[in-house]
Amino acid sequence: MLLAGVFLASKAQAQSTPPANTAKSDKLTVDADEIVYDTDKKTIAARGNAKLYYKGKILEADQVIYRSDSERVFAEGHVVLTEPDGQVVRANSLELADQFHDGFIKSMRVDTIDNTHFVAPRAERIAGRQTIFERGTYTACDACKEDPTKPPLWQVKARRIIHNQVEKVIYYEDATLDVAGVPVAYFPYFSAPDNTISRKSGFLNPVYSATSTLGQGLSLPYYYVVSPDKDFTIAPTYFSRQGLLLAGEWRQRLNTGTYTINGAFISQNDQVAFLSSPNGAGDQRVRGYIETIGAFPINSRWKWGWDLAYVSDKWFYQNYRIDSPSVTQLGTIKRESTSTAYLHGEDKNSIFDARTYYFQTLLTEDNQSIQPLILPVVDYDRRYHLGGAIGGEVALNANFTNLSRLEADFGTLSGSCSSPTKTNCFMRGIGGNYSRYTTEIGWRRSFIDPIGQSWTPFASMRGDAAYTTLFRNGTANAAQDSFLSTGNQGMTRAMGTIGMTYRFPFVAASSFGSHILEPIAQVISRPDERNIGNLPNEDSQSLVFDDTNLFSVDKYTGYDRVEGGTRANYGAQYSLGLINGAQMNMLVGQSVQLAGQNSFAQRGLALEGTDSGLDKTTSDYVSRFQLVPKTNYSFTARGRFDPDGLNAKRFELENRANIGDLATSLIYANYAAQPNVGITKRREGLGIGASYRFTPNWSVSGNTLFALTRYLSNPDLPRTFMAAYSASATYHDECTDLSLSYIGREPYATGTTTQDQTIFVRLTLRSLGTIETKKEVGDFVGQQ
C-alpha cells in the first residue's frame, strides 16, 4: 500500500524542509495547516500549505486529497512535485497513483536539474518509466526576466513529446523549431538523449559544406555506443564533385588508459580540381589519412603514450578541411604532421622524457626526403640541493639523440643549390645517420653580502660523444663532401665552464612609488669550442639574440653547438612601481668576447651564428621597454641595435589594451636583411586584432596580418599586402551559441586550381546538438 504508515500533524505554518528522517522514508509523511478525515468517502484531505514526503519525492499544493479505496492522490492549486534527482514539476492539478509512478497532470511545467524546461497543457506519467506531454514545448532557454510571457529565443513545439526514462531518450512527434516565436523548421519525427546520460547511440547533426574543389557536401555522422568502455563514430560525407568521403573514429578506455583510432578515405571523382604533382594531388585517385592517439598513466609520476599519423599526400588535410592534433598550423595553413611516441616521468627534483618523432611535411615547396626520423631523443634532468659549506644546487643533465635522414638538407645563400658548395649553400641537416650523447653536471650558488650585492658563482663540466654515417647516393648526399668528412666518423668533445653573475640592486622609495636600479654583470670563461663545422648541427640552428638570453650561460638552443671562449655579458635594469599599481621596466645590455675564439663568428654548418649580433667581438645592443600602467593595458618594445650608428637589426612592438568591452592588440616586427645567410631583403610585418562585446551576448572580432615587405620580392603586390585576415561575430547565452566566421588568406600553394575565401557558420542549441556549415566564396582578393 502507498500509506504503509502515516505521520499526521497540524501546524500553523508549513515547513520548508522535510521533517527529520523522512526524506528517503518508505512511509508517507504529511504536513499541512489542516488535515481532515472523511470516513464515509474514505479520504484524507490536507489543506493549506500541504506537503507530502515519500521516498525522496516532495509534493506541495494548496490541497492534497488521498483516497484510500483507490490509493490515488489528487493535488490542486500551485502544485509542485520535486523528484529525488532535483527535477521540479509544476502544475495546476495532478492525479497520482501507484506510489507516484502513474498519473495525469494539467498545465504542467518541468524544470530539470540541467536547466531545461518542458511545458504542456496536459501530461501523463506511465509506470514511472514514461512521461507523455500532449502539445508539449521544450527549451533550454530561461524565461525573459523583463517579460516572462515573451517566447524564449528558441523552443521545440510538438504534438507529442515522449520522455522514455528507461531508454533515457526524448522523442518529438510532429515538431517545429521556433526562433523568437517564429517557426523556422519542421520535423515529422526526431529524438535526442535526455540529460541523465552522456552517451547515446544515434545520428548526430548533419554538416553542410560547399567548396569549389569539392562541390556541395553533406555529412551525416552516426554515433554508436559499443559498451561502457568503447564507442565509435562513422561520418560519411558526400561531395557533389568528388564523391563519398568515409571518415570514422574509434574510442576505447582501458583499465590502464585510453586510445583512439580515426581516419578518412576517398576515391575522388574529379581529380582535375587539384594541381598535378609535384604541386598537388591531381594524379592521385585514392587519398586519406589515419591517426591513433593513446595516453596511459603508469602511476602518479610516469606515463606513456603516442600520437601517430600518416596522410596520403601533403594537401589532403587542407583540401578536405580536416583538423588533426598532429598537425602544426601557421594561421590557416597546415605546415606539417608530427607523429610521436613518448615515455615521461617526473617528480619534484627530476624529469625524464624519451620520444620518437616522424615528420610529414604538408607544404608544397618542402621535400619529404629531407625530414628527419628521430629514434629517439631522450632528456634527463636531476637537481640536488647541497648543504654545508658548499651549498647551492647541483644539476645533472643528459641528452641522447639518434636520427636518420634520407637526403641532405641544404639552404640557399645565392643562386641555386642544385650543386651545393659552401659558396652558394649552407647545410641544415645531414643525409645519413647521426647519434650524439651529452652529459653535463653543473653547480651554482647565490650569496648576498652585507651591503646587498648578489654574487652567483657557477661551474659545469660537459662531455659529448657523437657518431655520424653519411649516405653517398644522389646529388645532395654526394655534396656533403664539401661540408663534412665522408664515411663513418666518431667524435668526442668536452667543455668546462666557470663563471660569476653579479647584481647590485639600488632601491629607493618615494611618495608615489618605488625605484629599483640594478646593474648586472656576468663573466664566463671556458676553452675554445672544438670541431665547429665537423659535427652535425641538428638542434642548435635557431639563435635569436635579445633581452631574454643576454645573461644565458650558453645562448645556443640545443646541444650540437656549445659556446666557447671567455665572454662578458653586462647591462642594467630599471624598474618603477607606482602606488596606483602601474609598473615600468627597462633593460639594456651587451655582450663582449674577452678572450679565445668567438663561437658565433665561426662558420657553422647552418650558419647559426652568422648575422646574429654576437658574431663580432663587441655584440649588438639588446634592449627592452615594458609599460603596464593598468592591469588592462600593456606595451612592450624590444630591439637589437648595431653599436655603430644604432641601426636597428631587430625591432618588435606589442601593444594590448582592454577598455571596457573593447580588447585590442597590435604586433609589429621589422627585421633587417641577413645577406650572409641568404636573406637579402628586410622583413616587416604588422598584425592587428580587436574584439568588442557590445551586449552581454553579442561580440565581434577581427584580425589582419600585413606582410609589409612582400612587394620587395614581388613588385606586383601592394605595399600593404594582407597575408591573412579574418572576422567573426558570436552570440552566447545559457541555451544558444552562434558563430559566423570569415577567413581569407594569402594564396599559398595548397594543391588546388582555385583559391577561395571561406565562411563558417556554427549553431549550437544546448541539449539538442550542433549544426555547422562552411562555404568558400569568391576568389582571393588580397592582391587587388
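The values are calculated or read from the model by the stated rules, or taken from the named source; none is laboratory data. Note that the coordinates shown come from a computational prediction; the quantities given were computed from them, not determined experimentally. Here the Cβ is made from the backbone with ideal geometry for all residues, glycine too, and neighbour counts use every protein chain on show. The area values use the complete protein model at the heavy-atom level, side chains included, leaving out ligands, DNA and RNA. Shrake-Rupley method; radii C 1.70, N 1.55, O 1.52, S 1.80 Å.
Exactly one condition in (1) crowded, with 20+ Cβ neighbours inside 10 Å; (2) without any contact (Cβ under 8 Å) to a residue 24 or more places away in the chain; (3) within 26 Å of Tyr186 (Cβ to Cβ); (4) over 40 Å from the mean Cα position of the chain (by Cα) is false for Val110; which is it?
All conditions pass for Val110, except number (4).
Would segment 368-377 turn up any residue that is within 19 Å of Val311 (Cα to Cα) and out of contact with any Phe, Trp or Tyr (no Cβ under 9 Å at 6 or more places or on another chain)?
Yes, segment 368-377 contains a residue that is within 19 Å of Val311 (Cα to Cα) and out of contact with any Phe, Trp or Tyr (no Cβ under 9 Å at 6 or more places or on another chain).
Restricting attention to segment 381-421, which residues are within 25 Å of Gln541 (Cβ to Cβ) and among the β-branched types (Val, Ile, Thr)?
Those that are within 25 Å of Gln541 (Cβ to Cβ) and among the β-branched types (Val, Ile, Thr): Thr401, Thr412, Thr421.
Which one of Phe274, Phe203 is at pLDDT below 90 and surrounded by fewer than 13 Cβ atoms within 10 Å (Cβ to Cβ)?
Within the list Phe274, Phe203, the selection yields Phe203.
Going by the structure shown, is Leu605 touching a Pro at 6+ places or on another chain (Cβ under 9 Å) and in contact (Cβ under 8 Å) with a residue 12 or more places away in the chain?
So Leu605 fits the description; yes.
Take the conditions at pLDDT below 90 and at positive phi and apply them to Ser93. Does it pass?
No: the conditions fail for Ser93.
Select from segment 408-425 the residues that are of a type in the set (Ser, Thr, Tyr), in contact (Cβ under 8 Å) with a residue 40 or more places away in the chain and part of a loop (DSSP other than H, G, I, E, B) and list them in ascending order.
Listed by number, the residues that qualify are Ser414, Ser418, Ser419, Thr421.
For Ser591, only one of the following conditions fails: (1) touching a Gly at 6+ places or on another chain (Cβ under 6 Å); (2) part of a strand (DSSP E or B); (3) modelled with pLDDT of 95 or more. What is its number?
Condition not satisfied by Ser591: (1).
Which residues, taken from segment 749-767, are under 30 Å from Asn115 (Cα atoms) and at pLDDT 85 or above?
The answer is Phe760, Val761, Arg762, Leu763, Thr764, Leu765, Arg766.
Quick one: in segment 383-407, which of the residues that are open to solvent by 60 Å² or more (accessible area, probe 1.4 Å) and in a strand (DSSP E or B) is farthest from Thr439 (Cα to Cα)?
Checking each candidate, the answer is His385.
With the condition kept exactly as written, say whether any residue in segment 222-232 is charged (D, E, K, R) and open to solvent by 50 Å² or more (accessible area, probe 1.4 Å).
Within segment 222-232, one or more residues are charged (D, E, K, R) and open to solvent by 50 Å² or more (accessible area, probe 1.4 Å).
Among what's in segment 660-709 and is of a type in the set (Val, Ile, Thr) and part of a loop (DSSP other than H, G, I, E, B), pick the residue that is surrounded by the fewest Cβ atoms within 10 Å (Cβ to Cβ).
By that ranking, first place goes to Thr695.
Being at negative phi and over 30 Å from the mean Cα position of the chain (by Cα) is the filter here, so list the residues in segment 640-666 that pass it.
Arg640, Phe641, Asp642, Pro643, Asp644, Asn647, Ala648, Lys649
For segment 145-161, does any single residue satisfy the condition of being open to solvent by 60 Å² or more (accessible area, probe 1.4 Å), modelled with pLDDT under 95, under 30 Å from Ser324 (Cβ atoms) and among the polar types (S, T, N, Q)?
Within segment 145-161, not a single residue is open to solvent by 60 Å² or more (accessible area, probe 1.4 Å), modelled with pLDDT under 95, under 30 Å from Ser324 (Cβ atoms) and among the polar types (S, T, N, Q).
Restricting to segment 151-172, give me the number of residues that are part of a loop (DSSP other than H, G, I, E, B) and touching a residue at least 24 places away in the same chain (Cβ under 8 Å).
So the answer is 6.
Only residues that are touching a residue at least 12 places away in the same chain (Cβ under 8 Å) and either open to solvent by 20 Å² or more (accessible area, probe 1.4 Å) or more than 42 Å from the chain's Cα centre (by Cα) (or both): list them for segment 461-474, please.
Passing the criteria: Met461, Gly463, Ala465, Tyr467, Thr469, Phe471, Arg472, Gly474.
Looking at (1) in a loop (DSSP other than H, G, I, E, B); (2) open to solvent by less than 40 Å² (accessible area, probe 1.4 Å); (3) closer than 30 Å to Met722 by Cβ, which is the one condition that is false for Ser337?
(1)
Let me spell it out: the conditions are (1) modelled with pLDDT of 55 or more; (2) outside any strand (DSSP E or B); (3) not hydrophobic (A, V, I, L, M, F, W, C), and Thr29 meets all of them except one. Which number is the exception?
For Thr29, the exception is condition (2).
Could you check segment 412-429 and list, in sequence order, the residues that are open to solvent by less than 20 Å² (accessible area, probe 1.4 Å) and in contact with an Asp or Glu (Cβ under 8 Å, 6 or more places away or on another chain)?
Answer for segment 412-429, where residues must be open to solvent by less than 20 Å² (accessible area, probe 1.4 Å) and in contact with an Asp or Glu (Cβ under 8 Å, 6 or more places away or on another chain): Met427, Gly429.
Scan segment 307-334 for residues that are more than 18 Å from the chain's Cα centre (by Cα) and in a strand (DSSP E or B) and report the count.
Matching residues across segment 307-334 total 4.
Restricting the search to segment 541-575, which residues are of a type outside the set (Lys, Arg), under 32 Å from the mean Cα position of the chain (by Cα) and under 18 Å from Gly496 (Cβ atoms)?
Ser552, Asp554, Tyr556, Tyr559, listed by residue number.
If a residue must be of a type outside the set (Lys, Arg), without any contact (Cβ under 8 Å) to a residue 24 or more places away in the chain and surrounded by 15 or more Cβ atoms within 10 Å (Cβ to Cβ), how many such residues does segment 645-659 contain?
Residues flagged as of a type outside the set (Lys, Arg), without any contact (Cβ under 8 Å) to a residue 24 or more places away in the chain and surrounded by 15 or more Cβ atoms within 10 Å (Cβ to Cβ) within segment 645-659 amount to 5.
Answer yes or no: is there a residue in segment 44-67 that is surrounded by 15 or more Cβ atoms within 10 Å (Cβ to Cβ) and not in a strand (DSSP E or B).
Checked segment 44-67: no residue is surrounded by 15 or more Cβ atoms within 10 Å (Cβ to Cβ) and not in a strand (DSSP E or B).
Pull out all pairs, ordered by first then second residue, where Cβ-Cβ is under 9 Å, the residues are six or more apart or on different chains, the first lies in segment 179-192 and is surrounded by fewer than 10 Cβ atoms within 10 Å (Cβ to Cβ), and the second is of a type in the set (A, V, I, L, M, F, W, C) and assigned to a strand (DSSP E or B).
From residues that are surrounded by fewer than 10 Cβ atoms within 10 Å (Cβ to Cβ), the pairs are Tyr186/Ala175; Tyr186/Leu177; Pro188/Ala175.
Let me spell it out: the conditions are (1) in a loop (DSSP other than H, G, I, E, B); (2) touching a residue at least 24 places away in the same chain (Cβ under 8 Å); (3) open to solvent by 60 Å² or more (accessible area, probe 1.4 Å), and Lys348 meets all of them except one. Which number is the exception?
Condition (2) is where Lys348 drops out.
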